[in-house]
Amino acid sequence: AQRYAGQVTRLTSLRFPRYAFVPGERPHPRRHRDGHSYGKAEPRCGPLTEPWREHTVYCFGIDLFHAGYYWEAHEPWAAVWNASPEPLSSLAEGLIKLAAAGVKARQGQARGQAHHARAAAELLRGVGPGVIAGLDTEPAAALAERLADSWDDDARLPAGGQLGRRRQAPSLARV
């Protein structure tokens, strides 16, 4: 099993892009011909369902987020958001907002970071307490609120149950 940041086992074997996009630092991934995703189809998927571990698009978003590819993580999660019913669409939207906070943190835009992280917390709390699609929503929302004030590039969203162990995924955090 492949690990990154020494902590989390990857959920997919899909290849990461050659750079993590931060606006103003590198070519836009889709709009610029030197972008890492230029000319490639945007992710598509069916709705997020159980067993969520088999939903490659959702899991790849988690892999990207954990590896610090925040802009790139939003793309698979946007596909999940558009394809899934509530409360899973709100879960995906919350993750998208959290990824946007990561992009703003990398840009040094504290206001944007705080705005997106707080929106993520609100969406994740709105999903309801408990574990949904492998994510423990209440600690995830609390993490988002903490990240509104101070971004930690090694942040992981809290997983429910045995997630984060080999083959168990989205070990989105250590809270």
Among the candidates 24, 61, which residue alone is in a loop (DSSP other than H, G, I, E, B) and closer than 23 Å to residue 117 by Cβ? 24
Only one residue in 83, 121 is open to solvent by 30 Å² or more (accessible area, probe 1.4 Å) and either within 14 Å of the chain's Cα centre (by Cα) or more than 21 Å from residue 9 (Cβ to Cβ) (or both). Which one? 83
Could you please find all residues in segment 49-58 being touching a strand residue (DSSP E or B) at 6+ places or on another chain (Cβ under 9 Å) and part of a loop (DSSP other than H, G, I, E, B)? none
Which residue pairs have Cβ atoms closer than 7 Å, lie 6 or more positions apart in sequence or on different chains, and pair a first residue in segment 15-37 that is touching a residue at least 12 places away in the same chain (Cβ under 8 Å) with a second residue that is part of a loop (DSSP other than H, G, I, E, B) and of a type in the set (A, V, I, L, M, F, W, C)? 16/67; 29/21
When residue 70 is evaluated against the numbered criteria (1) open to solvent by 20 Å² or more (accessible area, probe 1.4 Å); (2) out of contact with any His (no Cβ under 8 Å at 6 or more places or on another chain); (3) under 20 Å from residue 22 (Cα atoms); (4) not charged (D, E, K, R), which criterion, by number, is the only one it fails? (1)
Matching helices (runs of 4 or more DSSP H) fully within segment 65-151 where at least 2 residues are at pLDDT 95 or above and closer than 23 Å to residue 47 by Cβ: 70-83, 88-107, 110-127
Does residue 18 satisfy being over 27 Å from residue 131 (Cα atoms), not in a helix (DSSP H, G or I) and not aliphatic (A, V, I, L, M)? yes
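The values are calculated or read from the model by the stated rules, or taken from the named source; none is laboratory data. Everything numeric here is computed off the predicted structure, so don't read it as measured data. Because the Cβ atoms are built from the backbone with ideal geometry, glycine has one as well, and the counts that use them run over all protein chains shown. Areas reflect the complete protein model, heavy atoms only, side chains present, ligands, DNA and RNA absent. Shrake-Rupley method; radii C 1.70, N 1.55, O 1.52, S 1.80 Å.
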